[in-house]
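The structure under discussion appears below in the form of structure tokens.
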Amino acid sequence: MAVEKTNFHSYCSGKLHKGCELCVQGKKLVLFITGRCAQRCFYCPINEKKYGQDVVYANEWKIEDPKDPKELLEEARLTRACGAGITGGDPLMDLDRCVDYITLLKKEFGKRFHIHLYTPLKLVSEQALARLHQAGLDEIRFHPDLDDDSLWPRLSLGRKFKWEVGVEIPVIPGYEAKTKKLIDFMAGKVDFLNLNELEVSDTQAAHYSLDRLGFIPKDDVSYGAKGSVELGLGLVEYAQSKGIDTHLCTAQLKDSVQVQMRIKRRAQGVALPTDIKTSEGLLIRGCVYLPGLAPGVSYRAKIAAADKTATMKRLEEAAGKLKVSSGSTKFQIDDFKLRLLTSKDAVKRLAKVIKKAGFIPAIVEEYPTRDGIEMDIEFL
């Protein structure tokens, strides 16, 4: 069977397994369980706000109270998720949290809600896997240490349970022999291999000398490491010769397919009737800001530091005042960014009225994600 290029910028030999199948459609919620991990990989791509921190994220939404599932469930609903990929750090650093979340998601969305989990081998045991399987985990992806084969025999533990078993590793230039050694070892012990194009990240720069390690981006617009995809294609062929279904996932797939598809799905879930949805899934909306809380220097810090109760009261008063001045125009309070929302046309039409009332009108194009990153702001 030949190695085939997919329609989503990756390469595949054999069957594309369920976790990947849903992921490329943007139908998987990314559930970041914890940033803690006992295996310090020099290529770790986790950003600084998560690296080594015991934090939980559902996609871009930070779960303020990990014991309260309402935000997790809300993000799953807003993105119309058909499954979840549990990642970290090492999720097994908090096995109880993993089991609780898997149980919760299965109960809320049904047995067909597909859940897979990534984990290094350091904390893998038959007892830990049994708890994950009993909770309803559908697919487990092991992340062996290519520099240390002492724990590789733990891969065999995955076969003790009825689920899909895979290995997922980055394609590291210079590691061809070590990766082939792992492929030889895993043959017959797993259902599939997922290879990721190595990405050069800011976290690596903060903890390691990239120049010393010899990894550089392949071009000016990608985090993908030079030589990773080329090596990966050879490894797909090698794994194919061992009878292993293999998928080479590129940085382009993650950025321009997986994330964008998920963003489009979320836009469908969160867009207001007054919003304009772009072809990329961004939202164009009319915004009214209170003085001191408009986008600018330290914008996020100002929102975080604001007295929410007092600010919400001011926004309610502002909405009432503007409705009287503008007739039938509706303004909705955004309790996350502490502003009023309306249509692009309405805020343009009422810009003078809004400014006369002491507020700041703007047209904003932003992501539909929880963090709502602004791509363009036009103050009127």
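With both labels modelled 7 Å from their Cα along Cα-to-Cβ, the residue 230 to residue 377 distance reads 4.4 nm.
Starting from the Cα-Cα distance between residue 42 and residue 148, subtract it from 0.36 nm times their residue separation and give me the gain in nm to one decimal. Stretched fully, the residue 42-residue 148 segment lengthens by 36.8 nm. For the pairs 70/106; 218/254; 302/337; 189/226; 330/352; 106/254, flag any whose C-alpha to C-alpha distance is greater than 19 Å. Result: 189/226; 106/254 exceed 19 Å. Compute the Cα gyration tensor for the range 23-166, then decide on rounded, prolate or oblate, letting a ≥ b ≥ c be the square roots of its eigenvalues: rounded whenever a/c is under 1.5, prolate when a/b is larger than b/c in the other cases, and oblate in all that remain. Cα axes put the range 23-166 in the oblate bin.
Antiparallel beta bridges, as assigned by DSSP with both residues in the chain, represent about 50 percent of the total such bridges.
To put it simply, the accessible area of the chain at a 1.4 Å probe is 50 percent carbon and sulfur. Here the peptides 296-305, 313-322 are ranked by packing, the mean other Cβ count within 10 Å, and the order with the highest first is 313-322, 296-305. Per residue, the solvent-accessible area of the range 232-380 (1.4 Å probe, heavy atoms of protein chains only, all protein chains present) comes to 49 Å². Per 20 Å bin, what is the whole-percent P(r) computed from every C-alpha pair distance within the chain? Bin by bin from 0 Å, the calculated values are 26, 51, 21, 3. Pairs with C-alpha atoms separated by more than 29 Å, drawn from the list 111/277; 18/62; 27/49; 18/122; 107/313, are 111/277; 107/313.
The values are calculated or read from the model by the stated rules, or taken from the named source; none is laboratory data. Quantities reported herein were computed from a predicted structural model and do not represent experimental measurements. Cβ atoms come from the backbone with ideal geometry, glycine included; neighbour counts cover every protein chain shown. Each accessible area value is taken on the protein alone, full model and side chains, heavy atoms only, with ligands, DNA and RNA left out. Shrake-Rupley method; radii C 1.70, N 1.55, O 1.52, S 1.80 Å.
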